[in-house]
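Please read the structure below before turning to the comments.
The values are calculated or read from the model by the stated rules, or taken from the named source; none is laboratory data. Quick caveat, the model's predicted, so the values are computed rather than measured. For neighbour counting, all protein chains shown are included, and Cβ atoms are generated from backbone atoms with ideal geometry for every residue, glycine included. The area values use the complete protein model at the heavy-atom level, side chains included, leaving out ligands, DNA and RNA. Shrake-Rupley method; radii C 1.70, N 1.55, O 1.52, S 1.80 Å.
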Amino acid sequence: MNEHLTELRGFLQRDMRRLPLIFAGLFFLFCLIGYAVCTASPQLTEAVVDYFNRMLSDTGLADEAGNISFVGMLMNNWFAMVFTILYGFVPFLFLPVVTAASNALIIGALAAFYRLNQISMAAFFAGIVPHGIFEIPALVLAVSLGFLLCRNIVRSILHSEKAVPMVDLLANILRTMLFVIFPLLLIAALIECYITPGIMRLFL
């Protein structure tokens, strides 16, 4: 275990470097873009919110009373992070970045929906921030890992000297998923299912 944690620490400090900060900045930038665009277009806002609600309904995470399944939420978010990283296997396109952008745009659209419908923005932040402080870093890390994977594949295709052995990279990606991303998602799911609804009721 200590060996894995040591390898993980070195990977995060050596290979990840500024990537999580860069993608965190891009994430919040796209949140602002989504908010600005949807505030200017109520029709687009309604369409995005309807899409989000249908997507949430299709996952079956909530029962008829609106209660969210903890296990369902955790597994849904976990598989979303796994697929975000797996998109990195597609060379040159850097699809994991698209995942970050699309999620950020939806959050921005939801914020615009609250404003356009004169719902307290405090309620919006109450529904996002408590679990988001764990879930968003998990997403940013997953995007960073997917980006690293895609970049290394591109470097290998182009025979760049900067390419690292895929086995080593995949081992470090797996360590990050198990020791960092999964715990973050576990905490986020607990908060979203059992704490966030109560906080939101204070503002609605």
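Given the residues I136, I157, I195, which is the only one that is aliphatic (A, V, I, L, M) and under 19 Å from the mean Cα position of the chain (by Cα)?
I136
Let's see how each residue does on (1) crowded, with 21+ Cβ neighbours inside 10 Å; (2) at pLDDT below 95; (3) in a helix (DSSP H, G or I):
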position: A80; (1), (2), (3): no, no, yes
position: T99; (1), (2), (3): no, yes, yes
position: G146; (1), (2), (3): yes, no, yes
position: F179; (1), (2), (3): no, no, yes
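Checking the structure you have, find out if any residue of the stretch 19-40 is over 21 Å from I136 (Cβ atoms) and either part of a helix (DSSP H, G or I) or hydroxyl-bearing (S, T, Y) (or both).
yes
When the residues of the stretch 1-22 are narrowed to those that are under 21 Å from the mean Cα position of the chain (by Cα) and of a type in the set (D, E, K, R), which ends up surrounded by the fewest Cβ atoms within 10 Å (Cβ to Cβ)?
Among those residues, the one meeting the criterion is R18.
Limited to the stretch 181-203, what total is found for residues that are open to solvent by 40 Å² or more (accessible area, probe 1.4 Å) and touching a Ser or Thr at 6+ places or on another chain (Cβ under 9 Å)?
Final tally of qualifying residues: 1.
Does the stretch 119-132 contain any residue that is touching a helix residue (DSSP H, G or I) at 6+ places or on another chain (Cβ under 8 Å), within 30 Å of M1 (Cα to Cα), assigned to a loop (DSSP other than H, G, I, E, B) and open to solvent by 40 Å² or more (accessible area, probe 1.4 Å)?
no
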